[in-house]
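Since the structure comes first, as C-alpha cells, the remarks are kept for the end.
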Amino acid sequence: MSLKNPIDFYRTLPRKTCPECGEQMEEQAESYFMECERCLAKKGE
C-alpha cells in the first residue's frame, strides 16, 4: 500500500464550480460560499 503525496492530491482536485450557473470559481480558503460572486449578487437584489 503506497500513500499519495498530499501535494499531488490537492493538485488533482477538480476546480470548484458554482451550482447555480456552472462557472468555475477561484478557490478562497476563507470562503465557504458555494455560489460565485455574480450569483450571490443576484440573490441580494
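Values quoted throughout were computed directly from the atomic coordinates according to the rules given, and no laboratory measurement underlies them. Model, not experiment: these values are computed from the prediction. When we count neighbours, we look across all protein chains shown, and the Cβ atoms used for this are built from the backbone with ideal geometry, even at glycine.
Structure values in brief
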{"read-out": "Vicinal HN-Hα couplings computed from phi for the range 11-25 (Karplus, 6.51 cos²θ - 1.76 cosθ + 1.60; Hz; Gly/Pro x)", "value": "5, 9, 5, x, 5, 6, 10, 5, x, 7, 10, x, 6, 6, 10"}
{"read-out": "Point-to-point label distance, Arg15-Glu27, nm (Cα→Cβ direction, 7 Å offset)", "value": "1.3"}
{"read-out": "Filtered trypsin sites (Lys or Arg not before Pro), the range 1-39: DSSP coil and at most 16 other beta carbons within 10 Å", "value": "Lys4, Arg15, Lys16"}
{"read-out": "Gain upon complete extension [Arg38, Leu3; 0.36 nm per residue less C-alpha separation]", "value": "8.7 nm"}
{"read-out": "Nonlocal amide H pairs with Thr17, under 5 Å, H built at 1.01 Å", "value": "Met25"}
{"read-out": "Dipole magnitude of the chain, debye to nearest 20 (Cβ charges: Lys/Arg +1, Asp/Glu -1, about Cα centre)", "value": "200"}
{"read-out": "Of the chymotrypsin sites (Phe, Trp or Tyr not before Pro) in the chain, those whose Cβ has at most 10 other Cβ within 10 Å and which sit in DSSP loop", "value": "Tyr32"}
{"read-out": "Listed residues Met25, Pro6, Gly44: farthest to the positive end of the dipole of the chain (Cβ charges)", "value": "Pro6"}
